[in-house]
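What follows draws every value from the coordinates through simple rules; no lab data is involved. Worth saying up front: this structure is predicted, and the values here are computed from it rather than measured. Methodologically, a virtual Cβ is constructed for each residue, glycine included, from the backbone with ideal geometry; neighbour enumeration extends over all protein chains shown.
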Amino acid sequence: MKSCLVVIDAQESFRHRPYFTDRDLPAWLAAQNALIEACRERGVPIVRIFHVDGPKTAQNSFALESGLVRPIEGLAPFEAAATFHKSRHSALVGTGLDVWLTQNGIGRLVITGIRTEQCCETTARHASDLGFQVDYVTDATLTFDMTHEDGTPLPAATLKARTAAVLKDRFARICSAPQAIDRLAMPA
């Protein structure tokens, strides 16, 4: 089965949000970049997804006008087989990604990128519901601490663990970057 690496929202926009921290950035970049390199070496297509929404002004870091809807610094350069802009959580809503995947005979998606519990998880669930096999690469997703409504902290590590637990064996095969790399050459 043909695989495709999907790099979701790995963009500079996040550096300009109040919750951004680079605490987990080096580890995420190492895993993300290892997957990018493995896909380049093996000829596995890589799809780039950018999140674009909100007011079309230079002050909105998720607007094209900001100049920040571009690869995040430190991300390995790659020639995308296709690039899509999304304005929803799922990369499969209104982008044409599903059509592109079908036209290119892709059956397995390797999901990576920024916000583990939001756009990455939502895309994984949606892809599974559409019949794609999904490898969800937890160490190649990045998220940030949040706060419960009552003020209790919700650490990024807890969000990642929760996402892995709810996706595992229902919507995705949970794997590490090295495991995902090993699977690139394997049939589904």
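Annotations
- Residue count, the range 119-135 (criterion: in contact with an Asp or Glu (Cβ under 8 Å, 6 or more places away or on another chain) and either in a strand (DSSP E or B) or farther than 20 Å from residue 33 by Cα (or both)): 1
- Of all residues in the range 134-160 being touching a helix residue (DSSP H, G or I) at 6+ places or on another chain (Cβ under 7 Å) and of a type in the set (Val, Ile, Thr), the one that is farthest from residue 29 (Cα to Cα): 134
- Residue match in the range 71-80 (condition: of a type in the set (D, E, K, R), in a helix (DSSP H, G or I) and surrounded by fewer than 16 Cβ atoms within 10 Å (Cβ to Cβ)): no
- Any hit, the range 9-22, residues being without any contact (Cβ under 8 Å) to a residue 24 or more places away in the chain and within 22 Å of residue 144 (Cβ to Cβ): yes
- Residues of the range 81-99 classified as among the small types (Gly, Ala, Ser), in a loop (DSSP other than H, G, I, E, B) and either within 13 Å of the chain's Cα centre (by Cα) or surrounded by 14 or more Cβ atoms within 10 Å (Cβ to Cβ) (or both), total: 3
- Per-region count, the range 102-118, residues crowded, with 23+ Cβ neighbours inside 10 Å and assigned to a helix (DSSP H, G or I): 1
- Selection within the range 159-188: residues that are small (Gly, Ala, Ser) and without any contact (Cβ under 8 Å) to a residue 24 or more places away in the chain. The member of this set that is surrounded by the most Cβ atoms within 10 Å (Cβ to Cβ) is 161.
- Residue match in the range 13-35 (condition: assigned to a strand (DSSP E or B) and touching an Asp or Glu at 6+ places or on another chain (Cβ under 8 Å)): no
- Against the test of being within 27 Å of residue 105 (Cα to Cα) and among the small types (Gly, Ala, Ser), the options 34, 27 yield a single qualifying residue, 34.
- Test result for residue 138, in contact with a strand residue (DSSP E or B) (Cβ under 8 Å, 6 or more places away or on another chain), outside any helix (DSSP H, G or I), surrounded by 20 or more Cβ atoms within 10 Å (Cβ to Cβ) and touching a residue at least 12 places away in the same chain (Cβ under 8 Å): yes
- Of residues in the range 61-70 being assigned to a loop (DSSP other than H, G, I, E, B) and surrounded by fewer than 18 Cβ atoms within 10 Å (Cβ to Cβ), the one farthest from the chain's Cα centre (by Cα): 67
- Cβ separations smaller than 6 Å between residues 6+ apart or across chains give the following pairs from the range 25-39 residues that are farther than 13 Å from residue 77 by Cβ to residues that are crowded, with 18+ Cβ neighbours inside 10 Å and among the acidic types (Asp, Glu): 31/139.
- Residue count for the range 119-135, restricted to those that are surrounded by fewer than 20 Cβ atoms within 10 Å (Cβ to Cβ) and β-branched (Val, Ile, Thr): 1.
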